[in-house]
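Undergrad: Sharing a structure, written as structure tokens. Questions coming.
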Protein chains: 4
Amino acid sequence: MFFASDNAGPAHPEVMQALMDANAGYAMPYGADVQMAEVTARIRDIFEAPEAAVFLVATGTAANALALATLCQPYQTVFCSPVAHINCDECNAPEFYTGGAKLTLVGDSHRMTPEALQTAIAGSSPSDVHVAQRGPVSITQVTECGGVYTLAELQALCRVAHDAGLPVHLDGARFTNALVALGCTPAEMSWRAGVNVVCFGGTKNGCPGVEAVIFFDPAHAREFELRRKRGAHLFSKHRYLSAQMLAYLTDDLWLRSARSANANAKRLADGLALKGAQFEHDPQANMIFARLTRAQHQAAHAAGARYYLNDGPLDTGHADTRLSARFVCDWSIQPQQIDAFLAAI
Amino acid sequence: MFFASDNAGPAHPEVMQALMDANAGYAMPYGADVQMAEVTARIRDIFEAPEAAVFLVATGTAANALALATLCQPYQTVFCSPVAHINCDECNAPEFYTGGAKLTLVGDSHRMTPEALQTAIAGSSPSDVHVAQRGPVSITQVTECGGVYTLAELQALCRVAHDAGLPVHLDGARFTNALVALGCTPAEMSWRAGVNVVCFGGTKNGCPGVEAVIFFDPAHAREFELRRKRGAHLFSKHRYLSAQMLAYLTDDLWLRSARSANANAKRLADGLALKGAQFEHDPQANMIFARLTRAQHQAAHAAGARYYLNDGPLDTGHADTRLSARFVCDWSIQPQQIDAFLAAI
Amino acid sequence: MFFASDNAGPAHPEVMQALMDANAGYAMPYGADVQMAEVTARIRDIFEAPEAAVFLVATGTAANALALATLCQPYQTVFCSPVAHINCDECNAPEFYTGGAKLTLVGDSHRMTPEALQTAIAGSSPSDVHVAQRGPVSITQVTECGGVYTLAELQALCRVAHDAGLPVHLDGARFTNALVALGCTPAEMSWRAGVNVVCFGGTKNGCPGVEAVIFFDPAHAREFELRRKRGAHLFSKHRYLSAQMLAYLTDDLWLRSARSANANAKRLADGLALKGAQFEHDPQANMIFARLTRAQHQAAHAAGARYYLNDGPLDTGHADTRLSARFVCDWSIQPQQIDAFLAAI
Amino acid sequence: MFFASDNAGPAHPEVMQALMDANAGYAMPYGADVQMAEVTARIRDIFEAPEAAVFLVATGTAANALALATLCQPYQTVFCSPVAHINCDECNAPEFYTGGAKLTLVGDSHRMTPEALQTAIAGSSPSDVHVAQRGPVSITQVTECGGVYTLAELQALCRVAHDAGLPVHLDGARFTNALVALGCTPAEMSWRAGVNVVCFGGTKNGCPGVEAVIFFDPAHAREFELRRKRGAHLFSKHRYLSAQMLAYLTDDLWLRSARSANANAKRLADGLALKGAQFEHDPQANMIFARLTRAQHQAAHAAGARYYLNDGPLDTGHADTRLSARFVCDWSIQPQQIDAFLAAI
């Protein structure tokens, strides 16, 4: 009954086995391993993007910060949601990697709208040398509040960006959870919608630590490579990154894992609804933000459940008071654990 | 017969097994895993430094750059050897992480001397606001040319630094190879000699990718932690770093691996001497820089040996011309491979 | 009838004469000129701060960015108003100089309140390594919308900052305009209220280009000095900065100039009120934000008046439609010009 | 008898008068002043470069650092002389402005040779992601040791740079002193020789503080402008920069001043030679590096002469011991002062 984060679950046994298998003999370092060539081919195939440049790093923050630094000049600003990971959870990594660019927060919602984006962009004039210049638009899919942009929504956001001449970055730490929720293709959810670079997450969906950065325009490749090295994110024994990603993309493991996580989240959401929970956001992938009574939280806690409580305290106060919590289902959680949790509350 | 780099060898099976063992159930993310607590305790014990702050990162460049950034202000300069990894092989990572500090190259040798260090430090006056201010001294042990500083040499370098009020960083990517070469204790080769922060390598000595940064003064801990996060080097599934380092420090694996590498390098050096090789540097750990004839290189190459040739071309030219090469022995190389190589040339 | 900006007016003849007077013979460069010693003594005296460290730079952005960089670590955030000059008008200079710190926008008003500041500070937890850490609070006095914080308001803001352990920066590009509006002493409007560093403007109040940065705690002096040099803001022929500031502080020129500007702004505001103008903000110093009819703007324009129109277009549309404009009075404007302008509309 | 620095002399009365003249009425801020348009036209004319982009800043360090930042990526290195101002006298400003680029020191002489430059460039391979990538070449004319590159030398250096695809920056803090020494045209000493951007100094040759940055390829203009603003080097009351530069370029003041300085330096050098001085470098413009006896220095000092003594101490030691000193002649020094100095020693 661990719902704290998909960062905390184990890696999938198939990924671990691939790590073991990769551990034979010598391999060329720094990305010249044979597995990396396979990873690139696989991702190009999956994304229907035969020219795409593909790079691996070990953390989602590295993927985001390096991708943005490649797209953004230090005198520009990145347009993002106020709750974006790049704004709230990366301790200024984007500012660091871009050399001091700014983040402009778009609207006041966790879900970016084309109108809010248009307004934010219009707020800075490219002819005015005093203001931060317009830089890339960053979209998070799945959002930090568990929502999934539809293809039409993604397209509309990208259109606003492109109309202003701005590139689009997709923070896809939970890319596959969104993909299976929408039931579309990776191409549709990325370059066909107008996305220029995708951070394609593996870590939250069953890998020990690997993210792919995918530039659909390979002109960015060399700069990214140099920034990755300069950022100390180029692995010498790179095969251990490649092996993770390769296993992740083999036999649909990425899709199987995300489907399982999403299905269990749905099972949990349905059960919570029956228990009277109030949802703060519509749960569309593998994260649920809901308000339960203090009594329910106390029962869950007593039964061993673990998750983040946004309100507090748990221990003292009226039993009927509702406290907000986040529940995340990772690939490894089982229906029995969902049911046990629901039974407990 | 792979002598290209200790970056290219496999990980030790005991480390890989530890990764598998760590992959059970949920674990607290971002360094709060139980293995990390053990790693810290183990390192404090090994270094006889009960207060030391210990952090793990995945690459040696990250360890160096983050450690230096914590010690160095952007208006200062780092004193290092002209051949230091931080100067030659990190694509400006130290300059990036320090926010634009400079590297001052000490002397013109791969081996820093107290006299050259003294001269370099004296070259910048702390009262002069126009010059880069004096910052940390960085020493590499094993040096990039395969040498090992004696304890007396380390102490003398640290004394020069401390007399000028400067802290000392030790790039210990091959710390253990130096340690077993000297036959001393980790404390003697670090804080007892005057070193303030050690980058303690695991990757080149049998781990997939892990380095420990050890501050003997824990006052630096919080800043390092924030810089690590901001640099995107804090792993969410941190247990996979901890498990590597823990296995590395278990049952003397770190020492066994380094002893094996050094012993095989000695076997190789002794054999090369018999074959008439000219040594460019005295091989003191697991790296050999030697000049063989073109004919010898051609024979080695034909037999399947792999290593970096610093001169060229291999194919055309007089058979007796000597070409310089680097041979590195990693933990996994076997005496039979050494012997086969020697037989081939 | 030039109300576009106090950046566009001439320098005061007394300042220009001082520049001429300073231009005799040789003078020690880089701030070692005799005039600078006098400037420091004068500012310490005026601010009743005998220990203060005083530095001169040529632009307000340099003063702000360097002062903030001295107070703020790159993994921290600066708390400021959404309309602060450091956020809107410096093209990421604070992000650049701090090495990639963030700006956290406090509330949604041009006037920072203690409550909004408290909320903003509470939004980031010092124990959370993932978020930008709390850094300095930056207050603008006169605000970008022409308001002046009372001493009680300043004290309350500083108290919130200090209670969280945060230092306070005052962007005083129009410090003297605020001072004469409040009728208080410089000490009361700075360190006695809790301000730690003041950027004390000269440029907008009659100097060609000079701003003083005043640290009440001299412990920051050396770092600021090095950052100023590294930022290329240390003048070799520094006497031409000193001479400006010295003349500015001689015979109350700074006070005379600000009083004149404020008095003319009041004359203008009173006149505008009679003409039916709607004020967007209460004009408290030398800036007025008011809505006039298109017909009034057209008449003013035809009469040769110059100022920024925030709405548009001027030429086409209903004559009665109100358009927002900013009117700034500099030290050099004369009552006759005010009256001529009022007559024109 | 002030030979300490051309930074310490007064400004030329014609420049000061121009400042006074510019101080009438209102002027558009931030470089939109009418004088700036004249400056641009004048410089384009003088340099026979009708497309050149021209910008003014107040310090030579700002000119150099901003120009280099525009040409250099943060993962690149700038090739320069070990004694270059950008390396020795700017407290890491180039590293700061470039976002952490490196400086690679070319050769071990104050005078860069094409061979040494070729060797330095060859030392870093563009295909190697681990090393700092090749960036701009920076040449100082007049060198820091008082030498002047011939046109043939400049051309040869630029050819080496361009053959490697690298742009060339000219630090021309003493551009005009070199120009009159060579007796060539500005075009010949810049773009015709292969220079891509010139920092054209005014401060050391009779202005209070102004330097022009001249890009012969205007494609760099917008980026430079944004970097200047972000670096806090865009003056609001910009007319006071423009007026200086305009006066400097009027009636050949720039040439007259440099000719006077050079002529007096020659008079001084000739006199020193007669007095038995040993020259450390051949004095080719307005700087002399010479060794006089301690007795001579003592006599000079007693007579009131001021200059930098590189050796010491002055007071104690053998009277015949030679001590090294730097003598700089600025525009304002007079033959009588030279003669008085020579008489004193």
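The values are calculated or read from the model by the stated rules, or taken from the named source; none is laboratory data. None of the values given here were measured: they were computed from a predicted structure. All Cβ positions, even for glycine, are placed from backbone atoms using ideal geometry, and neighbour counts span all protein chains on display.
Per-residue answers, yes or no, for (1) out of contact with any strand residue (DSSP E or B) (no Cβ under 8 Å at 6 or more places or on another chain); (2) aromatic (F, W, Y); (3) under 30 Å from A:I214 (Cα atoms):
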site: A:D251; (1), (2), (3): yes, no, yes
site: A:S257; (1), (2), (3): yes, no, yes
site: A:Q278; (1), (2), (3): no, no, no
site: A:I288; (1), (2), (3): no, no, yes
site: A:L292; (1), (2), (3): no, no, no
site: A:Q296; (1), (2), (3): yes, no, no
site: A:N310; (1), (2), (3): no, no, no
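Undergrad: Continuing with the same structure: From the residues in segment A:66-84 that are in contact (Cβ under 8 Å) with a residue 40 or more places away in the chain and assigned to a loop (DSSP other than H, G, I, E, B), which one is nearest to the other protein chains (Cβ to nearest Cβ)?
TA: A:Y75
Undergrad: Here's something else I'd like to know. If you go through segment A:92-137 one residue at a time, how many are touching a helix residue (DSSP H, G or I) at 6+ places or on another chain (Cβ under 8 Å) and of a type in the set (G, A, S)?
TA: So the count comes out to 7.
Undergrad: Restricted to segment A:85-107, and to residues that are more than 13 Å from chain B (Cβ to nearest Cβ) and part of a loop (DSSP other than H, G, I, E, B), which residue is surrounded by the fewest Cβ atoms within 10 Å (Cβ to Cβ)?
TA: Among them, the one singled out is A:G107.
Undergrad: Go through (1) touching an Asp or Glu at 6+ places or on another chain (Cβ under 9 Å); (2) at the interface with chain C (Cβ under 10 Å from one of its Cβ atoms); (3) in contact (Cβ under 8 Å) with a residue 40 or more places away in the chain one by one and return the number of the condition D:F235 breaks.
TA: (1)
Undergrad: Let me ask you something else. Does B:N205 satisfy the condition of being closer than 24 Å to B:A93 by Cα and either polar (S, T, N, Q) or modelled with pLDDT under 95 (or both)?
TA: So B:N205 fits the description; yes.
Undergrad: Test each condition in (1) buried (at least 23 other Cβ atoms within 10 Å of the Cβ); (2) farther than 19 Å from A:K237 by Cα for A:D45 and report the one that comes out false.
TA: (1)
Undergrad: I'm trying to understand the selection: among the residues of segment B:21-57, which are touching a Pro at 6+ places or on another chain (Cβ under 9 Å) and within 14 Å of chain A (Cβ to nearest Cβ)?
TA: Of everything in segment B:21-57, those that are touching a Pro at 6+ places or on another chain (Cβ under 9 Å) and within 14 Å of chain A (Cβ to nearest Cβ) turn out to be B:A22, B:N23, B:A24, B:G25, B:Y26, B:A27.
Undergrad: Out of the residues in segment C:128-149 that are charged (D, E, K, R) and either touching an Asp or Glu at 6+ places or on another chain (Cβ under 7 Å) or part of a loop (DSSP other than H, G, I, E, B) (or both), which is farthest from the other protein chains (Cβ to nearest Cβ)?
TA: Among residues in segment C:128-149 that are charged (D, E, K, R) and either touching an Asp or Glu at 6+ places or on another chain (Cβ under 7 Å) or part of a loop (DSSP other than H, G, I, E, B) (or both), the one farthest from the other protein chains (Cβ to nearest Cβ) is C:E144.
Undergrad: From the list D:A161, D:A120, D:A187, D:A152, exactly one residue is modelled with pLDDT of 95 or more, over 30 Å from B:A84 (Cα atoms) and not in a loop (DSSP other than H, G, I, E, B). Which is it?
TA: Exactly one residue qualifies, and that residue is D:A152.
Undergrad: Out of (1) closer than 22 Å to D:V148 by Cα; (2) among the hydrophobic types (A, V, I, L, M, F, W, C); (3) in contact with a Ser or Thr (Cβ under 8 Å, 6 or more places away or on another chain), the odd one out for D:F235 is which?
TA: Here D:F235 meets the rest and fails (1).
Undergrad: Please find, among B:E115, B:E90, B:E153, the residue that is under 26 Å from A:L234 (Cβ atoms) and among the acidic types (D, E).
TA: None of the others qualify; the one that does is B:E90.
Undergrad: Which of the residues that make up segment B:11-20 are at the interface with chain A (Cβ under 7 Å from one of its Cβ atoms) and assigned to a loop (DSSP other than H, G, I, E, B)?
TA: Once the filter is applied, which keeps residues that are at the interface with chain A (Cβ under 7 Å from one of its Cβ atoms) and assigned to a loop (DSSP other than H, G, I, E, B), segment B:11-20 yields only B:A11.
Undergrad: Let me ask another. Applying the selection to segment C:54-75, what residues are out of contact with any Ser or Thr (no Cβ under 6 Å at 6 or more places or on another chain) and either surrounded by fewer than 22 Cβ atoms within 10 Å (Cβ to Cβ) or among the β-branched types (V, I, T) (or both)?
TA: Matches in segment C:54-75: C:V57, C:T59, C:T61, C:T70, C:Q73.
Undergrad: Which count do you get for residues in segment D:144-160 that are crowded, with 23+ Cβ neighbours inside 10 Å, touching a Leu at 6+ places or on another chain (Cβ under 7 Å) and over 19 Å from D:D108 (Cβ atoms)?
TA: 1
Undergrad: I'm told A:I43 meets every condition in (1) among the aliphatic types (A, V, I, L, M); (2) in contact (Cβ under 8 Å) with a residue 40 or more places away in the chain; (3) within 23 Å of B:V57 (Cα to Cα) except one. Can you identify the failing condition by its number?
TA: (3)
Undergrad: Mind checking which residues of segment D:211-226 are buried (at least 24 other Cβ atoms within 10 Å of the Cβ) and among the charged types (D, E, K, R)?
TA: Within segment D:211-226, D:E211 is the sole residue that qualifies.
Undergrad: If I go through segment C:242-261 residue by residue, how many of them are touching a His at 6+ places or on another chain (Cβ under 7 Å) and surrounded by fewer than 24 Cβ atoms within 10 Å (Cβ to Cβ)?
TA: Matching residues across segment C:242-261 total 1.
Undergrad: For a quick check of your reading: which helices (runs of 4 or more DSSP H) sit entirely within segment B:248-345 and have at least 3 residues that are under 16 Å from B:V180 (Cβ atoms) and not assigned by TED's automatic domain parsing to the domain that holds B:V210?
TA: Qualifying helices (runs of 4 or more DSSP H): B:253-274.
Undergrad: State which residue is farthest from the other protein chains (Cβ to nearest Cβ) when the search covers only segment B:108-127 and only residues that are within 21 Å of the chain's Cα centre (by Cα) and of a type in the set (D, E, K, R).
TA: B:R111
Undergrad: Can A:F3 be described as outside the structural domain of A:G165 (by TED's automatic domain parsing), aromatic (F, W, Y) and touching a residue at least 24 places away in the same chain (Cβ under 8 Å)?
TA: Yes, satisfied.
Undergrad: Please specify each residue of segment B:190-216 satisfying the condition of being in a loop (DSSP other than H, G, I, E, B) and more than 14 Å from every other protein chain (Cβ to nearest Cβ).
TA: Of everything in segment B:190-216, those that are in a loop (DSSP other than H, G, I, E, B) and more than 14 Å from every other protein chain (Cβ to nearest Cβ) turn out to be B:S190, B:W191, B:R192, B:A193, B:G194, B:V195, B:N196, B:F216.
Undergrad: Filter segment B:129-143 down to residues that are touching a Phe, Trp or Tyr at 6+ places or on another chain (Cβ under 6 Å) and among the polar types (S, T, N, Q) and give me whichever is surrounded by the fewest Cβ atoms within 10 Å (Cβ to Cβ).
TA: Filtering first and then ranking leaves B:Q133.
Undergrad: Can you tell me how many residues in segment D:221-247 are under 22 Å from the mean Cα position of the chain (by Cα), of a type in the set (A, V, I, L, M) and in a helix (DSSP H, G or I)?
TA: 6
Undergrad: Within segment B:2-10, can one find any residue that is touching a Lys or Arg at 6+ places or on another chain (Cβ under 7 Å), within 14 Å of chain A (Cβ to nearest Cβ), assigned to a loop (DSSP other than H, G, I, E, B) and crowded, with 24+ Cβ neighbours inside 10 Å?
TA: Within segment B:2-10, one or more residues are touching a Lys or Arg at 6+ places or on another chain (Cβ under 7 Å), within 14 Å of chain A (Cβ to nearest Cβ), assigned to a loop (DSSP other than H, G, I, E, B) and crowded, with 24+ Cβ neighbours inside 10 Å.
Undergrad: Something else: If I go through segment C:162-182 residue by residue, how many of them are of a type in the set (A, V, I, L, M, F, W, C) and touching a residue at least 60 places away in the same chain (Cβ under 8 Å)?
TA: So the count comes out to 6.
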